[in-house]
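Peer 1: Below are the structure tokens for one structure; questions will follow.
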Amino acid sequence: MTPHFGSEPTPFRLTTAPSPDEDVLILEVHGFLDHGCAEYFLAAATEHLEGTPGLRALHLDCGDLDGLDSMGLAMLLMLHRRTTAAHVTLHLDARPPALDRMLDITGALDHLVPHPVATTNGHAEPHRMAYRHTSEDDIPLDRAGQGHRPSGSDSSG
């Protein structure tokens, strides 16, 4: 995403916002998250993450995000890895449509934005299947890249 033609992006800032819960941290993202400030963003967000004991959730308020480039997206993914390792849920709140579009196009939307889990007969089912590995013959592949073909003949007849 790039800024609109003729407009100057807002200088990047990351600020804390008041949270009603001690175990929830809210960071407001302002400006354009690009290669020029991406490392600062990750370092500052990580500092907040590590400096807040007992944290359960980190909410990034993206309402004032002007846009991001591939480096900004990479830093969001890295922050997600760090929050997951710390057992903290990352939320991207107030996402502008352009951010959702970038996340959707790159396949990162399902990864970064938690979906409610549907249940079927008491078993949790994923919201939707994002990707299924298949061979050229449309045979599902296992992790080793081997196709699963029926192993026996149907002798019931």
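The values are calculated or read from the model by the stated rules, or taken from the named source; none is laboratory data. The structure presented is a predicted model; accordingly, all values stated were derived computationally and were not measured. Please note: Cβ atoms are built from the backbone with ideal geometry, for glycine as well, and neighbour counts cover all protein chains shown. Please note that ligands, DNA and RNA were not included when accessible areas were found on the heavy atoms of the full protein model with its side chains. Shrake-Rupley method; radii C 1.70, N 1.55, O 1.52, S 1.80 Å.
Peer 1: Report, ordered by the first and then the second residue, all pairs with beta carbons closer than 8 Å, sequence separation of six or more or different chains, a first member in region 58-73 that is of a type in the set (D, E, K, R), and a second member that is surrounded by 23 or more Cβ atoms within 10 Å (Cβ to Cβ).
Peer 2: Qualifying pairs under 8 Å: Asp61/Val29; Asp64/Val29; Asp69/Leu33.
Peer 1: Would you mention how many residues in region 30-43 are in contact with a Phe, Trp or Tyr (Cβ under 8 Å, 6 or more places away or on another chain), open to solvent by less than 40 Å² (accessible area, probe 1.4 Å) and part of a helix (DSSP H, G or I)?
Peer 2: Selection size over region 30-43: 1.
Peer 1: Here's a follow-up. Can you tell me which of (1) among the aliphatic types (A, V, I, L, M); (2) more than 19 Å from Ala98 (Cβ to Cβ); (3) open to solvent by 60 Å² or more (accessible area, probe 1.4 Å) is the one Leu27 doesn't meet?
Peer 2: It is condition (3) that Leu27 fails.
Peer 1: A further question on this structure: Across region 44-87, which residue is farthest from Arg101 (Cα to Cα) among those that are open to solvent by 20 Å² or more (accessible area, probe 1.4 Å) and part of a strand (DSSP E or B)?
Peer 2: Here the answer is His59.
Peer 1: Let me spell it out: the conditions are (1) out of contact with any His (no Cβ under 8 Å at 6 or more places or on another chain); (2) at pLDDT below 90, and His111 meets all of them except one. Which number is the exception?
Peer 2: If we test His111 against (1) out of contact with any His (no Cβ under 8 Å at 6 or more places or on another chain); (2) at pLDDT below 90, just (1) comes out false.
Peer 1: So in region 88-117, with the set limited to residues that are small (Gly, Ala, Ser) and on the phi < 0 side of the Ramachandran plot, which one is most open to solvent (accessible area, probe 1.4 Å)?
Peer 2: Ranking the candidates gives Ala98 first.
Peer 1: Just to check your reading of the model, which residue among Asp61, Asp34 is under 14 Å from the mean Cα position of the chain (by Cα), among the charged types (D, E, K, R) and within 25 Å of Ile105 (Cα to Cα)? I'd like the intermediate steps shown before the answer.
Peer 2: Working: Asp34 fails: under 14 Å from the mean Cα position of the chain (by Cα).
Answer to the check: Asp61.
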